[in-house]
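Please read the structure below before turning to the comments.
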Amino acid sequence: MLVIKDAHYPWLLLVPRRDGAVEIIDLDEVEQAQLMTEVSRVARALKEITKCDKLNIAALGNLVPQLHVHIIARRSSDAAWPRPSGASCHRWRMTPRKCRISSMRSAARSGWVE
């Protein structure tokens, strides 16, 4: 498990230790079941700790061709809500400075940071 360093969202990453696995279907059925059990356990813990409104769980891997599952805690007051967490700045054509200011305000408003 990895922790993504992002002040906007509590964000964990599960990376199965299987060489060559890019998609969930690259795992056999027992490994798929184990991954889903681990995702569920981590997601429950993250939800309990953060008291989030919604969990986003995804295995995208468009940029990193290694199987990994994102587990992201979201609040309806966060910077990108209801859009995907990675969409908050570049999709809405914010300058880097405006994005940082917006993100800091949103993180404070959402309660992830004080």
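Taken together, the values in this text are just the output of simple stated rules run on the coordinates, not laboratory data. Everything quoted here is computed from the prediction, not taken from an experiment. No Cβ is skipped: glycine too gets one built from the backbone with ideal geometry, and neighbour counts run over all protein chains shown.
Can you list the residues, at least 5 places off or on another chain, whose amide H is less than 5 Å from the amide H of Val22, using H built in the peptide plane?
Result for Val22 returns Leu67.
Residues with beta-carbon under 12 Å from that of Gly61, excluding Gly61: net charge, scoring Lys, Arg +1 and Asp, Glu -1?
-2
Order of His68, His8 from fewest to most other C-beta atoms within 10 Å?
His68, His8
Once you compute Rg and the Kirkwood Rh from C-alpha atoms, what is the Rg to Rh ratio for the range 2-78?
Rounded to two decimals, Rg/Rh equals 0.99.
Can you compute the modelled spin-label distance between Glu23 and Leu60, with each label point 7 Å from Cα toward Cβ, in nm?
Taking the simple label geometry, Glu23 and Leu60 are separated by 1.9 nm.
About its Cα centre, how strong a charge dipole does the range 2-78 have in debye, to the nearest 20, once Lys and Arg get +1 and Asp and Glu get -1 at the Cβ?
Its charge dipole is roughly 500 debye.
Taking the Cβ of Leu35 as the centre, find all other residues whose Cβ is under 12 Å away and add up their charges (Lys, Arg: +1; Asp, Glu: -1).
-3
By how many nm would the segment from Asp53 to Ser76 grow when fully extended, if each residue of separation counts as 0.36 nm and the alpha-carbon distance is taken off?
Additional length available on full extension: 7.6 nm.
Run the simple label-point estimate for Arg83 and Val30 please: 7 Å along Cα→C-beta, distance reported in nm.
Going from the Arg83 label point to the Val30 one covers 4.5 nm.
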